[in-house]
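Everything below concerns the one structure shown next.
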Amino acid sequence: MVENKHVLVAGGTSGINLGIAKGFAAAGAKVSVFSRKQDKVDAAVAALGAKAHGGIADVREPEQVKAAIAAAAEAQGPIDVLVSGAAGNFLAPAVAMSPNAFGSVVGIDLNGTFHVLRFAFEHLNKPGASIINISAPQAWVPMIAQAHVCAAKAGVDMLTKTLAMEWGPAGVRVNSLVPGPIEGTEGMDRLLVDKSKKQALAKTVPLQRLGQVEDCADVALFLASDAARYVSGVVLPVDGGWSLGGATIAMGQMFS
Ligand code: COA
Ligand code: NAP
């Protein structure tokens, strides 16, 4: 269903986002990625195969985002599927955060998502384009030492809902995909400081296991597909039920 469609993944050079990019590439899509670091972009493009395109941009910089998206559209055609997943995170109580520390995460996660969607809009293949914002359970589960991420991702989900309303008439669907605790990722590594607690963390998930990047990639494929043609403005957890309560338990017992 996505064969030869152009899928652009902002921040698609490692972890969950790269896993999502790989899922689309395996399904036959032309995949473009961009992020800040040339070595990561080069490695991702090599892993994504012959139809991949790579670019460099910091999502906090509107002009860089605008240029990277225009270059991807020039190289691969109008964008059918846009995934916005660039993010930053570290554990820090609010009183240990400088304004720049708080602002750097809000700047990447929230402002960055706005920049990506704003400048991609004119390059979307409309009607029929699908946008997937990568959010986090912190958007509605308050977590200690995560004030920046909680605020930023709550904003991302409101952008999802607002733009689903604004852009629906143009035939553009906008949804949030919310990964739970995904094994082997930078985000998980930064939160689970004591690695011996990994099994205990898995037990806080109703489905009794940590997630895999492929769990997210499969749901991204669904959200981009015709099977989801009447789905817009949703915030869809891919977390084994973790955000129903386990995430709060984990915060108190594991993430400290
Ligand atoms: N506790 C408190 N403050 C911290 C911090 C920590 N653990 N880590 C960084 N900061 C502060 C810095 O001190 C700086 O503030 P200052 O200028 O007042 O000193 C501010 O955050 C920005 O840090 P800097 O390293 O200059 O920013 P950057 O733009 O190079 O990197 C980050 C952004 C901090 C988000 C960095 O962790 C990053 O690039 N992350 C991407 C990967 C990632 O987080 N993956 C997981 C996704 S869920
Ligand atoms: P990751 O591997 O660190 O992925 C982050 C990606 O964003 C990288 O490709 C990084 O590449 C890019 N990036 C970071 N800052 C950027 C910037 N300023 N401009 C452009 N690109 C930037 O992290 P991950 O853990 O897989 O997380 C991926 C997404 O899933 C994030 O949106 C995160 O919030 C979400 N999530 C993760 C988990 C989890 O368990 N890991 C749980 C919930 C939600 P460069 O370094 O080259 O810029």
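The values are calculated or read from the model by the stated rules, or taken from the named source; none is laboratory data. Quantities reported herein were computed from a predicted structural model and do not represent experimental measurements. In this analysis, Cβ positions are derived from the backbone assuming ideal geometry, glycine residues included, and neighbour counts consider all displayed protein chains. These accessible areas exclude ligands, DNA and RNA; they are computed on the full protein's heavy atoms, side chains included. Shrake-Rupley method; radii C 1.70, N 1.55, O 1.52, S 1.80 Å.
Over all directions, what mean area does the Cα convex hull of the stretch 31-163 project, stated in square nanometres? Don't skip to the answer; put the middle values down first.
Numbers: hull surface 34.2 nm².
One quarter of the hull surface, i.e. the mean projection, equals 8.6 nm².
I need the Debye-formula profile for the stretch 189-256: one equal scatterer per C-alpha, no solvent, reported as log10 I(q)/I(0) at q = 0.13, 0.15, 0.20 1/Å, two decimals.
-0.46, -0.58, -0.85
Given +1 on the Cβ of Lys and Arg, -1 on the Cβ of Asp and Glu, and no further charges, what dipole in debye does the stretch 37-94 carry about its Cα centre, rounded to the nearest 20? Don't skip to the answer; put the middle values down first.
Values: 5 positive and 7 negative charges, 24 e Å.
The calculation lands at about 120 debye.
Express the accessible area of the chain per residue in Å², computed with a 1.4 Å probe while the remaining protein chains stay in the model.
Details: 11100 Å² over 256 residues.
Result: 43 Å² per residue.
Report, in debye and to the nearest 20, how large the dipole of the stretch 104-189 comes out about its Cα centre when Lys and Arg carry +1 and Asp and Glu carry -1 on their Cβ. Present the calculation step by step, with values, prior to reporting the outcome.
Numbers: 5 positive and 7 negative charges, 70 e Å.
In total the dipole reaches around 340 debye.
I'd like the projected area of the stretch 25-91, averaged over all directions, using the convex hull of its alpha carbons. Report it in nm² with one decimal. Please report the intermediate quantities before stating the final value.
Details: hull surface 21.0 nm².
Convex hull of Cα atoms, orientation-averaged projection: 5.3 nm².
Near ILE20, within a Cβ-to-Cβ distance under 12 Å, what is the net charge of the other residues, with Lys and Arg +1 and Asp and Glu -1? Spell out each step's value before the answer.
Numbers: positive: LYS22; negative: GLU214, ASP215, ASP218.
Overall, the nearby charge balance is -2.
In what sequence, highest mean first, do 4-12, 126-134 appear when ranked by Cβ atoms within 10 angstrom?
Numbers: 4-12: 27.3, 126-134: 22.4.
Highest to lowest by the protection proxy: 4-12, 126-134.
Using a Förster distance of 35 angstrom, determine the FRET efficiency expected from the C-beta separation of ALA50 and MET158, and round it to 0.05. Could the numbers behind the result be given before it?
On the way: r = 38 Å, r/R0 = 1.10.
About 0.35, to the nearest 0.05.
Order these peptides, 173-180, 96-103, by their mean beta-carbon neighbour count within 10 angstrom, highest first.
Working: 173-180: 25.4, 96-103: 12.0.
Descending packing order for the listed peptides: 173-180, 96-103.
Can you tell which of GLY252, GLY211, TYR230 lies farthest toward the positive end of the dipole of the stretch 197-256, using +1 and -1 charges on the Cβ of basic and acidic side chains (Lys, Arg; Asp, Glu)?
Value computed over the given set: GLY252.
Considering every pair of different Cα atoms, what Kirkwood radius, in Å, is found for the stretch 92-146?
Values: mean 1/r = 0.0745 Å⁻¹.
Roughly 13.4 Å, rounded to one decimal.
What helices does the chain have that are whole DSSP H segments, at least 24 Å long along their own axis by Cα, and with mean Kyte-Doolittle hydropathy of 0.0 or more? Before the final figure, lay out the partial values.
Working: long enough: 147-167 (29 Å, 0.50).
Going by DSSP H runs, the hits are 147-167.
Could you work out the relative contact order of the chain, using alpha carbon pairs under 8 angstrom and six or more residues apart, expressed as a whole percent?
On the way: 528 pairs, mean separation 49.8, N = 256.
Worked out over the chain, it gives 19 percent.
For the stretch 191-211 and the stretch 88-128, write down the distance between their C-alpha centroids in whole Å.
27 Å
If R₀ is 30 angstrom, what is the calculated FRET efficiency for the pair ALA70 and ALA92, using the beta carbon separation as r and rounding to 0.05? Spell out each step's value before the answer.
Values: r = 36 Å, r/R0 = 1.19.
Between ALA70 and ALA92 the formula returns 0.25.
Please compute the Kirkwood hydrodynamic radius over the stretch 163-204, one decimal place, Å, based on all pairs of different Cα atoms. The partial results should precede the final answer.
Values: mean 1/r = 0.0767 Å⁻¹.
The answer is 13.0 Å.
About the Cα centre of the stretch 20-173, what is the dipole size in debye to 20, counting +1 per Lys and Arg Cβ and -1 per Asp and Glu Cβ, all else neutral? Could the numbers behind the result be given before it?
Numbers: 13 positive and 11 negative charges, 50 e Å.
That gives a dipole near 240 debye.
Considering the alpha-carbon set of the stretch 88-197 alone, what are its Rg and its Dmax in angstrom?
Over the stretch 88-197's Cα set, Rg and Dmax evaluate to 15.6, 50 Å.
Could you pull out every residue, at least 5 positions away or on a different chain, whose amide H is within less than 5 Å of the one on GLY180? Hs are placed 1.01 Å off N in the peptide plane, and Pro or chain starts have none.
Amide H to amide H, under 5 Å and 5 or more residues apart or across chains, GLY180 pairs with VAL238, ASP239.
Which ³J(HN,Hα) values, rounded to whole Hz and listed in residue order, are derived for the stretch 134-140 from phi using the Karplus coefficients 6.51, -1.76 and 1.60 in 6.51 cos²θ - 1.76 cosθ + 1.60 with θ = phi - 60°, glycine and proline given as x?
Karplus values, whole Hz, x for Gly and Pro: 8, 9, 7, x, 4, 4, 9.
Computing the accessible area with a 1.4 Å probe over protein heavy atoms, can you report the carbon and sulfur percentage for the stretch 69-184?
Working: 2740 of 4320 Å².
Of all accessible area on the stretch 69-184, carbon and sulfur atoms account for 63 percent.
Heavy atoms only, probe 1.4 angstrom, no DNA, RNA or ligands counted: give me TRP167, TRP140, TRP242 ranked by accessible area, highest first. Walk me through the numbers before you get to the answer.
Numbers: TRP167 30, TRP140 110, TRP242 10 Å².
Heavy-atom accessible area, descending, gives TRP140, TRP167, TRP242.
In terms of Cα to Cα distance under 14 Å, which aspartates and glutamates are near enough to LYS203, apart from those fewer than 8 places away along the same chain?
Once the sequence-local aspartates and glutamates are set aside, what remains near LYS203 is GLU183, ASP239.
Could I have the simple spin-label model distance between MET165 and GLU63, label points 7 Å from Cα toward Cβ, reported in nm to one decimal?
Spacing of the two 7 Å Cα→Cβ label points: 3.4 nm.
Considering just Cα atoms, how many Å³ per residue does the convex hull of the chain enclose? Please list the in-between numbers first.
Values: hull volume 29.3 nm³, N = 256.
Expressed per residue, the convex hull around the Cα atoms of the chain is 114 Å³.
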